[in-house]
1. Can you pull the three principal axis extents for the Cα set of segment A:295-367, in Å, largest first?
2. Specify whether the C-alpha gyration tensor of segment B:33-77 places it in the rounded, prolate or oblate class, a ≥ b ≥ c being the square roots of the eigenvalues: rounded for a/c under 1.5, otherwise prolate if a/b is larger than b/c and oblate if not.
3. Using alpha carbons only, how many degrees (0 to 90, rounded to 10) separate the axis of helix A:13-25 from the longest principal axis of chain A?
4. Which net charge results when you count Lys and Arg as +1 and Asp and Glu as -1 among the other residues whose beta-carbon is under 14 Å from that of A:Y336?
5. Is chain B best put as rounded, prolate or oblate by its Cα gyration tensor, with a ≥ b ≥ c the root eigenvalues, rounded for a/c under 1.5, and otherwise prolate when a/b is larger than b/c, oblate when not?
6. What FRET efficiency do you get for B:Q12 and A:S223 if R0 is 41 Å and r is their Cβ-Cβ distance, rounded to the nearest 0.05?
7. Structure shown: which of A:K113/A:K142; A:K113/A:K342; A:K70/A:K236; A:K153/A:K269; A:K142/A:K269 lie over 20 Å apart, alpha-carbon to alpha-carbon?
8. By a straight-distance test (C-alpha under 26 Å), which lysines pair with B:K3 as possible cross-link partners, with residues fewer than eight away in the same chain excluded?
Amino acid sequence: MKIEIVPRDVSHGAAVKKFNGRIREGGQPFALSESARPEWLPRTEGRRIFQEQYLAIDESAEVRGAYMLKHQDFLINGEMKSIADYQLPLSEGTVDKAYGIVGVMLLADAIKKQPLLYGLGMGSYRRPLPRMLKTAGWRMAKIPFYFKVCHVKAFLGNMTALKSSRILRFASLVMAYTGIAWLVLSLFQFASRKMAIGKNVRVEQVSSFSDWADVIWRGCCHSYSMIALRDAETLKILYPEDNPLFLRMRIREGEDVIGWVVALDTQMKRHKQFGDMRVGSIVDCLAVDGGEWSCIRAAEGFLRMRGVDLVVTNQSHHTWRRAVARNGFLRGPSNYILATSKSLSGFLHISGGFPDLAHMTRGDGDGPIHL
Amino acid sequence: MKKSEFLAKLEQVLELKHGAITGKESLDAVAGWDSLAIMAFIAMVDESFGVSLSPGSIAQAKTVEDLAGLLGDKIEN
């Protein structure tokens, strides 16, 4: 079998459609976009954050697999480097054993193009991609997941994990309707809160990022061993003004801007984990050193005022993890995995604490999906 | 390394019983020969033989014999 991996262009449209048809027929829930141009981060002149898609083509010009690279500048141990996120690999090998080699070829090709690679998300260590990355010697870690319940009845009635057994379901309903659950959760979340609320901290909802975000970036970027460039220009690309879903918050303490938070307020519908809850997600954030707690507190209050049932976030860096824990967030099971290639792991000088010193959030993943 | 030892290592990669692979099989017929197994095979060959196989060369292999052939004189018949 001869497979060539080439950049995707408009000439591949018919072959992509046939590929999608074959893998859907084989039971694969994912498919390639119909558009040859990446819809989220297309490559444009002068832009250093962009996606590129590559296709695995066989000798009969059929598509047998694909992957995407999201190129982005990261500050790693004080040095700005362009690295890439290995995204959405899809192989016909998942539905036809004859193409088992394609997944391996995609990964090898990506590493050849950009040795400093990472993968983010992926669901569970048991899934094929994380297992393959681990076999290839990538370093793996889960980015911790935190949640804070705002409406106890909605939480207990919707969390899929609580519906897994009749006893749990019955117990949660009894607790919800007698008020016991509210009391227990409130005490638990209150006990976790370690600091007083700063009275002069306030949220300003803004439509975009500008110079003030650059000041935050310059002031704190060296506190992290690995962090994606989060200056105003990059944030305007990631969280564009014309996307009304993103809630952009500028956090002030007195007159000083101490940080920013990007969040989503999503009404779920039959979501596999959150049922029909209204979920506030703290997608991304950055703060001056020491401002993390106030930023999380302010963002959570903002989302609570909007009426969300639950606030969730994934945070890797120890200061942000401490900030969410001290705000009464509880830690839940995480399905958000960070994997780093051998070259990137070496460059990071990863030791036991990985990823405690890296600032990785939902904002560093596949884009405004799964949120 | 003797060919029988190579086959035993391949069986370990594929989590098959000892003796399950004779060497004549078509790779299509080998249970568990999927992308994960291929990646594990590449890692095993790198570790045991110090040979870095490219996925492209494995794509050309149709049988277990062909896989052994990729290692040239590192495997004694």
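Where a number appears in this text, it was derived from the coordinates with a stated rule and is not lab data. Remember, it's a predicted structure, so these values are computed and weren't measured experimentally. Here the Cβ positions follow ideal geometry from the backbone for every residue, glycine too, while neighbour counts run over all protein chains shown.
1. Ordered largest first, segment A:295-367 gives principal extents of 45, 26, 21 Å.
2. Cα axes put segment B:33-77 in the oblate bin.
3. Roughly 70 degrees, rounded to the nearest 10.
4. The answer is +1.
5. Working: a/c = 1.27, a/b = 1.08, b/c = 1.18.
Rounded, because the longest to shortest axis ratio a/c is under 1.5.
6. It comes out at approximately 0.35.
7. Long pairs (Cα-Cα over 20 Å): A:K113/A:K142; A:K142/A:K269.
8. A:K97, B:K17, B:K24, B:K62, B:K74
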